[in-house]
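Chemist: One structure follows; several queries about it will come next.
The values are calculated or read from the model by the stated rules, or taken from the named source; none is laboratory data. All values derive from a computational prediction rather than experimental measurement. Cβ atoms come from the backbone with ideal geometry, glycine included; neighbour counts cover every protein chain shown.
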Amino acid sequence: MSTQPNKKYSEQFKAEAVAMVLELGKSIRQVARDLDLSTATLHRWINQRREVEPTVVSRRSTVELEAEVRRLRMENEFLKKAAAFFARESQ
C-alpha cells in the first residue's frame, strides 16, 4: 500500500468507498486494497457515516427483516390450517 500521510480525499470519494462496503457488500480489506487506502481509514469513514446517518445504514436490513416476518407469518398461518385439517381428518 502506498498511501500518503495526510492525503486529502473528496467527500464524494469517501462516500463511494463507504457505499462499496455497506451497499455492495464488498469487504473492507478488498475496497481498501482496490482504492489504495488503509483499512483504518476506511473503517473511520464507515463509522463516521454510521454516526451521521444511522438509519441509512440499517434501512436495507430493516426491509429484509420485514419481508422475512411477512413470509414467516404466512407460513405460520398455513401450518395452522394444515394442522387443523389433519386433526379433523384423523377423528
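Chemist: Evaluate the following for V31: is it part of a helix (DSSP H, G or I), modelled with pLDDT of 90 or more and of a type in the set (A, V, I, L, M)?
Modeler: In short, yes.
Chemist: Filter the range 7-28 for residues that are small (G, A, S) and part of a helix (DSSP H, G or I); which is farthest from W45 (Cα to Cα)?
Modeler: A19
Chemist: Could you say which residue among T55, T39 is of a type in the set (S, T, Y) and either modelled with pLDDT of 95 or more or surrounded by 10 or more Cβ atoms within 10 Å (Cβ to Cβ) (or both)?
Modeler: Only one candidate qualifies: T39.
Chemist: Return the residues of the range 34-56 that are acidic (D, E) and part of a loop (DSSP other than H, G, I, E, B); say none if nothing qualifies.
Modeler: D36, E53 - these are the residues of the range 34-56 that are acidic (D, E) and part of a loop (DSSP other than H, G, I, E, B).
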